[in-house]
1. Based on this model, can you work out whether residue 189 counts as assigned by TED's automatic domain parsing to the domain that holds residue 169, part of a helix (DSSP H, G or I), without any contact (Cβ under 8 Å) to a residue 60 or more places away in the chain and crowded, with 18+ Cβ neighbours inside 10 Å?
2. Can residue 135 be described as in the same structural domain as residue 68 (by TED's automatic domain parsing) and either over 27 Å from residue 103 (Cα atoms) or touching a strand residue (DSSP E or B) at 6+ places or on another chain (Cβ under 7 Å) (or both)?
3. Looking only at region 78-101, how many residues end up being under 20 Å from residue 141 (Cα atoms) and outside any loop (DSSP other than H, G, I, E, B)?
4. Right, residue 98: surrounded by 15 or more Cβ atoms within 10 Å (Cβ to Cβ) and under 18 Å from the mean Cα position of the chain (by Cα) or not?
5. Determine if region 138-148 includes at least one residue that is surrounded by fewer than 17 Cβ atoms within 10 Å (Cβ to Cβ), in the same structural domain as residue 33 (by TED's automatic domain parsing) and out of contact with any strand residue (DSSP E or B) (no Cβ under 9 Å at 6 or more places or on another chain).
6. Among the numbered criteria (1) within 27 Å of residue 302 (Cα to Cα); (2) touching a strand residue (DSSP E or B) at 6+ places or on another chain (Cβ under 6 Å); (3) surrounded by 15 or more Cβ atoms within 10 Å (Cβ to Cβ); (4) free of Cβ contacts under 8 Å to residues at least 60 places away in the same chain, which single criterion is violated by residue 60?
7. Tell me the helices (runs of 4 or more DSSP H) entirely within region 223-335 that contain at least 2 residues that are under 26 Å from residue 136 (Cα atoms), at pLDDT below 95 and within 22 Å of the chain's Cα centre (by Cα).
8. Quickly run through region 109-123 and pick out the residues that are within 19 Å of residue 89 (Cα to Cα) and either assigned to a loop (DSSP other than H, G, I, E, B) or free of Cβ contacts under 8 Å to residues at least 60 places away in the same chain (or both).
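The values are calculated or read from the model by the stated rules, or taken from the named source; none is laboratory data. No experiment lies behind these values; they were computed from the predicted model shown. Note: ideal-geometry Cβ built from the backbone for every residue, glycine included; neighbour counts use all protein chains shown.
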């Protein structure tokens, strides 16, 4: 059966249902601009429960684009920056974005917003008409599943379950960062339809092949990687022109506490970091470090304890140095 929900989580789901039912008109379910599988699956699956909800966003990553096409799931691409919103728009639901800056679009003033997210740091502010639902779970798809299970079980079709499962698989790094709740949701998603988990994972991973240029870029980034000490923490770092998340996840397997991958393109500097579970238990919280960078240098930063990012138009070396300085300040709790 479904995983256990706290009283607060039950109340959050009830408030989500009331917020949506109160909207008599079009509601845009805007997916975070990273466009990963957890983001896109959460938006599409939530929108499946209502005719007046439409899932949209500025980007889908390769896997999300392929599964959306394979499952014929409705998703509307919108332009970044200033979007032309329809006159009958009465609400916006932000999915898997830690703040307005992570949507990639300009939100019209005066439109009520429901934000649904699982990042441990957030820019969303409570105000009249707005609702912020943020749970300490491994993927936003866990929140969406709990909501659909409670109020819209008919929407949990085999296709919807596959999308939710794909989001959960990828955001937990194939369950390497999963907890009990994530496993319980995965079990529940698989329980009512004949979904072969091993076959489904193979299908998810088989389409995740790299081009020759991407493979070369990753190998080049790995070849440039260096290790350094940041106070009590070991850091492996490099720069990459693409697929920073994959490079960071690969580097963390070297045994260092934290990996950092930087990129500077078109005037924008981006940092992507990963930390081992042992390091986060001992005190590292990458989301808080990236949020601190945003406060000191400007830009946008945040995320989870073991995975986070930062972007700004500042100098790359300055951003890297600031990250290293912040990491060195973190005291180690297992020594």
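1. For residue 189, the condition - assigned by TED's automatic domain parsing to the domain that holds residue 169, part of a helix (DSSP H, G or I), without any contact (Cβ under 8 Å) to a residue 60 or more places away in the chain and crowded, with 18+ Cβ neighbours inside 10 Å - is met.
2. no
3. Residues in region 78-101 being under 20 Å from residue 141 (Cα atoms) and outside any loop (DSSP other than H, G, I, E, B): 5 in total.
4. So residue 98 fits the description; yes.
5. no
6. Failing condition for residue 60: (2).
7. Helices (runs of 4 or more DSSP H) meeting the threshold: 244-251, 277-282, 286-297.
8. Residues satisfying the conditions are 109, 110, 111, 112, 113, 115.
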